[in-house]
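Report on one structure; see the data block that follows.
The values are calculated or read from the model by the stated rules, or taken from the named source; none is laboratory data. None of these values were measured; they are calculated from a predicted model. Every residue, glycine as well, gets a Cβ built from its backbone with ideal geometry; the counts of neighbours run over all protein chains shown.
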Amino acid sequence: MRAIVSLSNKSGIIPFVQGLQEMGIEIFSTGGTRRTLDSAGVKVHSISEITGFPEILDGRVKTLHPAVHGGILARRDLPQHLVELAQHHIEPVDIVIVNLYPFAETIAREGVSLEEALENIDIGGPTLIRSAAKNFPSVLVIVDPEDYGPVLLKLRQEKIDSGERKRLAQKAFQHVALYDTAISQYLNEEIFPEEMTLALRKCSDLRYGENPHQKASFYQEQNAKQGKAGLASLKLLHGPEISFNNLLDFDAALALLESFTEPTVAILKHTNPCGLAFHDNLVEAYRRAFSGDPLAAFGGVVASNHAINMETAQEIDKTHYDAIIAPGYEDGALKLLGRKKSLRLVKISPEAMKPCSNLLLDFRRIRGGFLSQTLDLFSEAESLPSIVTERQPSESESSDLLFAWKAVKRIKSNAIAIVKDKTLLGMGTGQPSRVVSVQLALERAGDRSNGSVLASDGFFPFTDGPELAIKGGITAIIQPGGSIRDKEVIAMANGHNIAMAFTGVRHFRH
């Protein structure tokens, strides 16, 4: 038997090759891999002994040769193929062990040039892999060092069956597909190209999906224009394994907190914030967030953009939560919260809490395909909305209006947020009627709505929504504007001496 070895990632290869040699398998290797094996005292043949030709063009051409690919692609069940091999003095190749140049790692480096990137596009490697995978009934193809041990054991036991060969071939084709996708992403200059491939790598299996009867896994997107932080960077410090629904809530929490730099705490339930506040003092931010809807907070997820200190942990400890996610925990806080066996304590990297790149796309699955859109990011103009009423908002109202606008963006449409002192007091979410959303938000806020402000993710098509808000004590409103009845809504606001701001941007979230 013959094997070809050509690797970028050489971890684990020395004992694997030694094991193959012990079984009498003849090893042929390319330059860099051969030098690694040779330095460890593992003597192998050069690939040039098969091709009869030296490696040329700085190693760009070394395995692209009929003597190599003929030996890999020949079908052992077709006598004519074997006759042709003999006529051309080509020996069959039975095992191909290959992984690829570190293209993704190269382009992730800051300041990498196009020339460097192009030099790390592997040609011979993918060709070897594809040839071997195409002929998997006769040729073993191995691309993952994690497979070295299991494959060696099965070879020794002579238990490499067709199912195992097929599994390795599938893994090989997927390996090349991921690699090609990274190259395509790097070279792409269009927002919506005619063809697109998503590259995903499994991070973990999950106990179940949204409901216990659904199976689920967590896949991390491999994107050449995106860092690898995200939720794949989270660490479970304590508690039961992270669930599908936890990850949905964590994602919603990070999307919400990315808009704030001050110490901010959010409490989420079913991806909607039922509590949100920021304050110079983190424990006070938590208290205010909890005050938004203490009943709904029970069993929810607490998210903080600052490390959880002992004082904040003591307050959190008074209520039952499913999970807490933060960039860190003081030792005492971790010990205190860790007394609850059912509470998940999760640490997330600070990079994962930063706003996403505007180069990324948002995908939604629909039957038979995907919808794709650019991310819904805040524009600079939204921080300076147009005041369309005679009364200007006060300084505190202006601050609360911007806070409310950031909050309402992450509430499901039709979305209403009521805010006072940078604290979410009530919200209306997911209602077909915007007026009903206003009513629900007022009910949540109760008497605290007096002197508060309101944000609406879409414009008010009639005066009924704002009128209901004013009756509830709202003194200022922020909304996109753009209704054919804007003048009527503005006139009504002037008649009640409230301030109203238009952002010119809506933030629907379906």
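Laid out as a table, the results:
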item	result
Set Lys471, Lys422: member being modelled with pLDDT of 95 or more, farther than 18 Å from Ala493 by Cα and outside the structural domain of Ser291 (by TED's automatic domain parsing)	Lys422
Count - residues of the stretch 44-67 that are modelled with pLDDT of 90 or more and either surrounded by 16 or more Cβ atoms within 10 Å (Cβ to Cβ) or of a type in the set (S, T, N, Q) (or both)	1
Residue pairs meeting the criteria (Cβ under 7 Å; at least 6 apart or on separate chains; first free of Cβ contacts under 8 Å to residues at least 40 places away in the same chain and in the same structural domain as Leu73 (by TED's automatic domain parsing), in the stretch 92-113; second assigned to a loop (DSSP other than H, G, I, E, B) and of a type outside the set (Phe, Trp, Tyr))	Thr106/Val112; Thr106/Asn120
Hits in the stretch 321-340 - residues which are in contact with a Leu (Cβ under 8 Å, 6 or more places away or on another chain) and not β-branched (Val, Ile, Thr)	Tyr321, Asp322, Ala323, Tyr329, Leu334, Leu337, Gly338
Condition check for Glu262: on the phi < 0 side of the Ramachandran plot and free of Cβ contacts under 8 Å to residues at least 12 places away in the same chain	no
For Ile411: the one exception among (1) within 20 Å of Phe502 (Cβ to Cβ); (2) at pLDDT 95 or above; (3) buried (at least 23 other Cβ atoms within 10 Å of the Cβ)	(2)
Enumeration of residues in the stretch 265-288 that are surrounded by 19 or more Cβ atoms within 10 Å (Cβ to Cβ) and out of contact with any Ser or Thr (no Cβ under 7 Å at 6 or more places or on another chain)	Ala266, Ile267, Leu268, Thr271, Pro273, Cys274, Gly275, Leu276, His279
Residues of the stretch 391-434 classified as assigned to a strand (DSSP E or B) and in contact (Cβ under 8 Å) with a residue 40 or more places away in the chain, total	7
Pairs, first closer than 17 Å to Arg76 by Cα in the stretch 128-144, second aromatic (Phe, Trp, Tyr), C-beta under 6 Å, six or more apart	Ala133/Phe173
Filter result for Ile325 (out of contact with any Phe, Trp or Tyr (no Cβ under 9 Å at 6 or more places or on another chain), of a type in the set (A, V, I, L, M, F, W, C), outside any loop (DSSP other than H, G, I, E, B) and surrounded by 15 or more Cβ atoms within 10 Å (Cβ to Cβ))	no
Among the residues listed as Ala182, Ala255, Ala224, Ala232, the single one being in a loop (DSSP other than H, G, I, E, B), aliphatic (A, V, I, L, M) and modelled with pLDDT under 95	Ala224
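Per-residue answers, yes or no, for (1) among the charged types (D, E, K, R); (2) at positive phi; (3) assigned to a loop (DSSP other than H, G, I, E, B):
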residue	(1), (2), (3)
Asp280	yes, no, yes
Arg288	yes, no, no
Ala296	no, no, no
Ala303	no, no, no
Lys318	yes, no, yes
Cys356	no, no, yes
